[in-house]
Amino acid sequence: MSEETNGQANGSVPEVELIIKASTIDGRRKGACLFCQEYFMDLYLLAELKTISLKVTTVDMLKPPPDFRSNFEATPPPILIDNGLAVLENDKIERHIMKNIPGGHNLFVQDKDVAQRTENVYSKFKLMLLKRDDASKNILLTHLRKINDHLAERGTRFLTGDTMCCFDCELMPKLQHIRVAGRYFTDFEIPSELEHLWRYMFHMYQLDAFTQSCPADQDIINHYKQQQGTRMKKHEELETPTFTTSIPATINP
C-alpha cells in the first residue's frame with residue numbers, strides 16, 4: 001500500500017481517504033481504473049478549494065495487505081473513507097461526494113446535452129478494441145466529433161463552462177485511455193482537425209487534478225492486455241513509466 005496526500009490536514013478541514021487500485025505492473029503506483037481516477041479528480045478539486053484534505057492510498061489487488069482484506073474482504077477499489085465511514089460502490093461513492101463531502105454538490109451539475117454526447121464514447125472505444133476494423137473506428141470518431149462539436153458550440157474551456165464539473169472528471173480519464181490504448185492496439189489517432197477536442201485536452205493536461213491522478217501509459221496498456229488475456233512483455237514491465245500529454249503542433253490553445 002502506498003499513500004499520497006493532497007491539501008493540508010488540519011483540525012478545520014475534514015480528511016477524506018480514497019483507496020484506489022495500484023498498478024498491475026509494479027503494485028505501487030496508480031493503476032488504470034477509470035472510476036478510481038474519476039473520483040480522485042473530483043476529490044482533488046475539492047482539496048484544492050480547501051474544503052477537505054485528501055489522502056490517496058493505492059492497493060495492489062494481487063497482494064492486498066492483511067488489514068485491507070480484514071476490513072473490505074474482496075471488495076475492489078475505489079473505496080471512499082469519510083469520518084470512519086467506508087463507502088464501497090461506485091454509485092454510492094458518487095452520491096456521497098455530491099451530498100456529504102463539503103463543496104461536492106458544486107461539481108454535480110445537470111446537463112442533458114453533455115450527458116447525451118459523452119455517454120457512449122467509451123463503449124464505442126471498447127467495441128473498436130474488440131473489432132479492430134474501420135467501421136468501428138468510424139463509429140468512435142463520430143462520437144468524438146459530437147464532443148468536439150459541443151465544445152465548439154459552447155465556446156467554453158470545459159464541458160459545461162469554464163470550471164470543471166463531474167462530466168469532465170468522468171470524460172477526461174476515458175479520453176486518455178482512448179488516446180493511449182487506441183494507438184497501441186489499433187493505430188487509432190484522434191484527428192488533429194477535431195481542434196476543439198484537442199484544445200479541451202490541452203487544458204486537461206494543464207490540470208493538477210488530471211496529472212496527479214493519471215496512470216502511466218504502460219498501466220493503461222496493461223489494463224486492456226489483461227482484459228484480452230495477454231501479458232506485458234518483461235521489457236515493457238521494466239520500462240520507465242511514460243505519460244502521453246502532447247498535443248498536435250497545429251492546435252492553438
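The values are calculated or read from the model by the stated rules, or taken from the named source; none is laboratory data. Computed from a predicted model, the values in this text were never measured in an experiment. Glycine also receives a Cβ, built like all others from the backbone with ideal geometry; neighbour counts cover every protein chain displayed. Only protein heavy atoms, including side chains, enter the accessible area calculation; ligands, DNA and RNA are left aside. Shrake-Rupley method; radii C 1.70, N 1.55, O 1.52, S 1.80 Å.
A few points about this structure:
- Single unsatisfied condition, Thr58 versus (1) part of a helix (DSSP H, G or I); (2) out of contact with any helix residue (DSSP H, G or I) (no Cβ under 6 Å at 6 or more places or on another chain); (3) buried (at least 20 other Cβ atoms within 10 Å of the Cβ): (1)
- Single residue of segment 15-37 satisfying the filter (assigned to a helix (DSSP H, G or I) and open to solvent by 10 Å² or more (accessible area, probe 1.4 Å)) that is nearest to Phe72 (Cα to Cα): Phe35
- Tabulated pairs, segment 21-38, first closer than 17 Å to Ile81 by Cα, second basic (Lys, Arg) and buried (at least 18 other Cβ atoms within 10 Å of the Cβ), C-beta under 6 angstrom, 6+ apart or interchain: Cys36/Lys21
- For first residues located in segment 132-152 and free of Cβ contacts under 8 Å to residues at least 24 places away in the same chain and among the small types (Gly, Ala, Ser), partners that are open to solvent by less than 60 Å² (accessible area, probe 1.4 Å) and part of a helix (DSSP H, G or I) and lie 6+ apart or on another chain with Cβ distances below 6 Å form the pairs Ser136/Leu127; Ser136/Met128.
- Some residue of segment 152-165 being touching a helix residue (DSSP H, G or I) at 6+ places or on another chain (Cβ under 6 Å), part of a helix (DSSP H, G or I), within 22 Å of Gln37 (Cβ to Cβ) and of a type outside the set (Lys, Arg): no
Yes or no, residue by residue, for (1) open to solvent by 90 Å² or more (accessible area, probe 1.4 Å); (2) farther than 30 Å from Asn71 by Cβ; (3) outside any helix (DSSP H, G or I); (4) modelled with pLDDT of 95 or more:
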site	(1), (2), (3), (4)
Ala86	no, no, yes, yes
Ile93	no, no, no, yes
Lys99	yes, no, no, yes
Val114	no, yes, no, yes
Arg117	no, yes, no, yes
Tyr122	no, yes, no, yes
Lys126	no, yes, no, yes
Leu130	yes, yes, no, yes
Arg145	yes, yes, no, yes
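- Within segment 158-180, residues that are closer than 17 Å to Asn148 by Cβ sit with their Cβ atoms under 6 Å from residues that are of a type in the set (S, T, N, Q), at 6+ positions apart or across chains, in these pairs: Leu171/Thr118.
- Check on His203, under 21 Å from the mean Cα position of the chain (by Cα) and under 22 Å from Lys131 (Cβ atoms): no
- Number of positions in segment 199-246 that are open to solvent by less than 60 Å² (accessible area, probe 1.4 Å), under 23 Å from Lys126 (Cα atoms) and of a type in the set (A, V, I, L, M, F, W, C): 8
- Any chance Thr160 is of a type in the set (Val, Ile, Thr) and either open to solvent by 70 Å² or more (accessible area, probe 1.4 Å) or farther than 22 Å from Met41 by Cα (or both): no
- Test set (1) surrounded by 18 or more Cβ atoms within 10 Å (Cβ to Cβ); (2) closer than 24 Å to Leu45 by Cα - Gly155 fails condition number: (1)
- Screening Tyr184 with (1) part of a loop (DSSP other than H, G, I, E, B); (2) aromatic (Phe, Trp, Tyr); (3) open to solvent by 60 Å² or more (accessible area, probe 1.4 Å) gives one miss only, at (1).
- Filter pass, Asp134 being surrounded by fewer than 13 Cβ atoms within 10 Å (Cβ to Cβ), among the charged types (D, E, K, R) and under 24 Å from Phe40 (Cβ atoms): no
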